[in-house]
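Read through the structure below, which is laid out as structure tokens, and then see the notes.
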Amino acid sequence: MRPIFVVLYNDTFPLAALEMAKKMAVAFNQEVKLLLFDEQFLSAQISDFEYSVVNKKDLSKFTEDADASMILFEISANPSAKSIQNLLQCCRTLRMPYLFVKQGKSVDISSVLVPITFLEEDREKAPFSSAFGRFLLAEITLFTANDYGSKAKNNTNIIKTLLNSFDLKYNVQTAQKDSFGVEKEAIEKALEENYNLVILSASREYGLDDWLFGPKELKLIKKSKVALMLINPRADLYALCD
């Protein structure tokens with residue numbers, strides 16, 4: 001079975017992330033393992049789990065060699081920008097999705113919100129959205145940016161094609177914001193309307209502002225009260241399931 005890794009990177013045991021990982025492991029017929037960034041975090045609580053220790057700079061190679069399907073991080077309710085940026089930095093080259101779960105929050109996955117921009121990489125949200133619909137019976141909402149052009153709508157139609165191929169039920173809504181604001185709007189909508197998970201694309205490359213003030217996903221993670229799944233913009237992503 002392919003592993004779902006829950007990362008232990010500080011002295012807080014990731015109970016919420018583990019609970020979410022277990023639910024997904026059952027649905028996808030996978031297994032949960034702990035991944036420690038530092039052996040000092042060893043504790044009695046990990047005795048029930050298989051675990052590995054890895055240097056965070058080697059995270060990408062390790063997870064590829066292990067054929068991991070996803071990685072989960074549990075963060076505090078009000079995490080510092082530096083702590084989030086450190087985690088994002090070690091995930092920049094991952095081929096599998098990585099999730100951020102807030103401590104003490106719901107780990108249900110019954111409703112998934114998918115903001116869609118004009119960027120081509122947003123099409124990669126299709127297989128991950130369909131996996132949650134197929135195996136976790138989650139309600140999927142495609143949230144299309146309100147752009148003047150047609151690229152966001154075309155991306156939505158491509159995702160719809162895959163969802164239709166599995167006869168999945170889903171909703172399509174148009175955001176008030178354009179592609180530059182739809183993800184922030186989605187975060188607010190998720191809280192107001194009780195979505196459990198929002199699927200986002202990570203930044204292609206960091207510009208000067210990103211290095212100085214943090215990339216857009218850092219700000220979204222800090223703002224969000226629900227779990228976020230990030231997908232790196234690359235064409236050779238691993239699927240969650242066969």
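Annotation note: of Ser110, Ser80, Ser106, Ser76, the sole residue that is open to solvent by 30 Å² or more (accessible area, probe 1.4 Å), without any contact (Cβ under 8 Å) to a residue 24 or more places away in the chain and under 27 Å from Ala16 (Cα atoms) is Ser80. Which of the numbered conditions does Thr93 fail, given that it passes all the others? Conditions: (1) over 18 Å from Glu188 (Cα atoms); (2) not aromatic (Phe, Trp, Tyr); (3) not in a loop (DSSP other than H, G, I, E, B). The single condition Thr93 does not satisfy is (3).
Among the residues of region 153-172, are any part of a loop (DSSP other than H, G, I, E, B) and farther than 21 Å from Leu136 by Cβ? Checking region 153-172: not a single residue is part of a loop (DSSP other than H, G, I, E, B) and farther than 21 Å from Leu136 by Cβ. Taking the conditions (1) closer than 14 Å to Glu217 by Cα; (2) part of a loop (DSSP other than H, G, I, E, B); (3) in contact with an Asp or Glu (Cβ under 6 Å, 6 or more places away or on another chain) in turn, Pro115 satisfies each one other than (2).
Looking across region 83-101, the residues that are crowded, with 21+ Cβ neighbours inside 10 Å and of a type outside the set (A, V, I, L, M, F, W, C) come down to Pro97, Tyr98.
State yes or no: is Gly149 at positive phi, open to solvent by 10 Å² or more (accessible area, probe 1.4 Å) and either among the charged types (D, E, K, R) or in a loop (DSSP other than H, G, I, E, B) (or both)? Criteria not met by Gly149.
Can you tell me how many residues in region 129-139 are surrounded by 20 or more Cβ atoms within 10 Å (Cβ to Cβ) and farther than 23 Å from Glu192 by Cα? Residues in region 129-139 being surrounded by 20 or more Cβ atoms within 10 Å (Cβ to Cβ) and farther than 23 Å from Glu192 by Cα: 2 in total.
Conditions (1) surrounded by fewer than 17 Cβ atoms within 10 Å (Cβ to Cβ); (2) at pLDDT 95 or above, marked per residue:
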site: Thr156; (1), (2): no, yes
site: Ile187; (1), (2): no, yes
site: Leu191; (1), (2): yes, no
site: Glu205; (1), (2): yes, no
site: Pro215; (1), (2): no, no
site: Arg234; (1), (2): yes, no
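From the set of residues in region 1-24 that are surrounded by fewer than 19 Cβ atoms within 10 Å (Cβ to Cβ) and among the hydrophobic types (A, V, I, L, M, F, W, C), which is modelled with the highest pLDDT? Of everything passing the filter in region 1-24, Leu15 is modelled with the highest pLDDT. Scanning region 17-34 for residues that are of a type outside the set (A, V, I, L, M) and assigned to a helix (DSSP H, G or I) yields a count of 4.
The values are calculated or read from the model by the stated rules, or taken from the named source; none is laboratory data. Everything numeric in this text was worked out from a predicted model, so none of it was measured. Quick reminder, even Gly has a Cβ in these numbers, built from the backbone with ideal geometry, and neighbours come from all protein chains shown. Protein only, heavy atoms only, side chains kept; ligands, DNA and RNA dropped before computing areas. Shrake-Rupley method; radii C 1.70, N 1.55, O 1.52, S 1.80 Å.
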